[in-house]
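Colleague: I have a structure I would like to understand better, so I am pasting it below and will then ask my questions one at a time.
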Amino acid sequence: MTDHPSPALKTALAYHDAWTGKDFERAMTYIADDIICDAPAGRIEGAAAYRAFMGPFVQMLISAEMIAAFGDGETALIMYDTETVPVKHAPGAECVTVQDGKITYSRFLFDRTPFEAARQAAHPAPRQAPRQAAT
């Protein structure tokens with residue numbers, strides 16, 4: 001990381017600092033109304049849809065540790081590891097485009113596997129009774 005972040009990196013870091021600090025309303029001030037986010041589950045369009053996508057994650061967040069952050073005038077890349085209620089280590093990365101201090105595009109990457117494993121552990125599939133042979 002740099003001591004003098006670029007304009008895009010300043011915005012990305014301010015956004016990250018807000019949501020990891022559980023100030024989701026402040027975090028949303030860095031999101032453009034017409035944001036487009038490409039995430040593992042698919043494309044998310046608009047601030048309301050982005051809020052619905054990120055809000056539940058922020059609610060279950062315990063902590064976050066920055067791994068790396070880089071940026072230039074319009075693009076920033078941040079990588080971090082988060083601890084959530086269901087998952088101890090949930091690494092993520094966001095490559096964002098920033099215009100006029102707002103994130104207009106986010107390519108959001110995270111490993112869904114630990115969350116799926118936690119979901120399955122919390123709600124195991126019911127065991128089926130053995131089939132009886134036809135007589």
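The values are calculated or read from the model by the stated rules, or taken from the named source; none is laboratory data. Values in this document were obtained by computation on a predicted structure and should not be read as measured data. For neighbour counting, all protein chains shown are included, and Cβ atoms are generated from backbone atoms with ideal geometry for every residue, glycine included. Calculation scope for accessible area: heavy atoms of the full protein, side chains included, ligands and nucleic acids excluded. Shrake-Rupley method; radii C 1.70, N 1.55, O 1.52, S 1.80 Å.
Colleague: Taking residue 8 and the conditions (1) assigned to a helix (DSSP H, G or I); (2) touching a residue at least 24 places away in the same chain (Cβ under 8 Å); (3) within 13 Å of the chain's Cα centre (by Cα), which numbered condition does it fall short on, given that it satisfies the others?
Modeller: For residue 8, the failing item is (3).
Colleague: Looking only at the stretch 84-101, which residues are open to solvent by 50 Å² or more (accessible area, probe 1.4 Å) and either in contact with a helix residue (DSSP H, G or I) (Cβ under 6 Å, 6 or more places away or on another chain) or at pLDDT below 95 (or both)?
Modeller: The answer is 85, 86, 88, 89, 91.
Colleague: If you scan the stretch 13-28, which residues turn out to be surrounded by fewer than 14 Cβ atoms within 10 Å (Cβ to Cβ) and either in a helix (DSSP H, G or I) or of a type in the set (Ser, Thr, Tyr) (or both)?
Modeller: So in the stretch 13-28, the residues surrounded by fewer than 14 Cβ atoms within 10 Å (Cβ to Cβ) come out as 21-23, 25.
Correct list: 25 only.
Colleague: Output the residues belonging to the stretch 1-12 that are open to solvent by 70 Å² or more (accessible area, probe 1.4 Å) and either of a type outside the set (Asp, Glu) or at pLDDT 95 or above (or both).
Modeller: Going through the stretch 1-12, the residues open to solvent by 70 Å² or more (accessible area, probe 1.4 Å) turn out to be 1-4, 7, 10.
Matches in the stretch 1-12: 1, 2, 4, 7, 10.
Colleague: Look at residue 50 and say whether it is touching a Cys at 6+ places or on another chain (Cβ under 7 Å) and crowded, with 16+ Cβ neighbours inside 10 Å.
Modeller: Values: touching a Cys at 6+ places or on another chain (Cβ under 7 Å): yes; crowded, with 16+ Cβ neighbours inside 10 Å: yes.
For residue 50, the condition - touching a Cys at 6+ places or on another chain (Cβ under 7 Å) and crowded, with 16+ Cβ neighbours inside 10 Å - is met.
Colleague: Can you name the residue in the stretch 55-82 that is outside any strand (DSSP E or B) and in contact with a strand residue (DSSP E or B) (Cβ under 9 Å, 6 or more places away or on another chain) and, of all such residues, is most open to solvent (accessible area, probe 1.4 Å)?
Modeller: Across the stretch 55-82, the extreme among qualifying residues is 74.
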